[in-house]
1. Go through 59-65, 78-84 and give me the packing order, highest mean Cβ count within 10 Å leading.
2. Once phi is turned into θ = phi - 60°, what whole-Hz ³J(HN,Hα) does the Karplus curve with 6.51, -1.76 and 1.60 give for every residue of segment 50-66, x standing for Gly and Pro?
3. Which value, in Å², gives the accessible area per residue of segment 62-126 when a 1.4 Å probe is used on the protein heavy atoms?
4. Measure out, as a whole number of angstrom, how far apart the alpha-carbon centroids of segment 39-101 and segment 108-126 sit.
5. Enter the accessible area of LYS99 (Å², nearest 10), with the probe set to 1.4 Å and all protein chains included.
6. At 7 Å along the Cα-to-beta-carbon direction for both PHE96 and LEU26, put a label point, then send me their distance in nm to one decimal.
7. Determine ³J(HN,Hα), in whole Hz, for all residues of segment 108-118 in sequence, where each value follows from phi through the Karplus function 6.51 cos²θ - 1.76 cosθ + 1.60 and θ = phi - 60°; x replaces Gly and Pro.
8. Kindly report, to the nearest 10 Å², the accessible surface of ARG68 as traced by a 1.4 Å probe over protein heavy atoms only.
Amino acid sequence: MSNEGENRRFYSPLIIALGAALLILLALVTAHYFPLLECPIKAQWNVDCPGCGGTRAAQSLIAGNLPRALSHNPLITSGIIIIAAYCLFSLICRVFTGKPSLITFSIYKGVTAILVIIVFTILRNL
């Protein structure tokens, strides 16, 4: 019985890592085939939304070009890096302890995230 638990402990992170590798591979292979569309908010009002440049930032980050990714959209780039680091940390915790490391969310964290997005949007459009 404990052998089955040990197998699950190692198979879950392996499946997550293989899925992430597949997503990166697909993003690199298809980056040249799909055109980048213009943001409808940018097209209508000539204002950068919080996500403007996010696709280019993600593609640059996947390609390993951090300065270019930051120049496209620093908020999306830093968000991807933070989420990837948390996933890696959680994966390592799960492998060594068998328990996932979970972040608890609260209304204060949600409001803070929204305020960061609003301030970022205002500052990038000044």
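The values are calculated or read from the model by the stated rules, or taken from the named source; none is laboratory data. The structure presented is a predicted model; accordingly, all values stated were derived computationally and were not measured. We place every Cβ from the backbone using ideal geometry, glycine too, and count neighbours over all the protein chains shown. Heavy atoms of the whole protein, side chains included, go into the accessibility calculation; ligands, DNA and RNA do not. Shrake-Rupley method; radii C 1.70, N 1.55, O 1.52, S 1.80 Å.
1. 59-65, 78-84
2. For segment 50-66, the Karplus curve yields x, x, 4, x, x, 5, 5, 5, 5, 5, 5, 5, 5, 6, x, 9, 5 Hz.
3. 75
4. The distance from the Cα centre of segment 39-101 to that of segment 108-126 comes to 16 Å.
5. 140
6. About 3.2 nm, to one decimal.
7. 5, 5, x, 5, 4, 4, 5, 5, 4, 5, 5
8. Ignoring ligands and nucleic acids, ARG68 comes out at about 130 Å².
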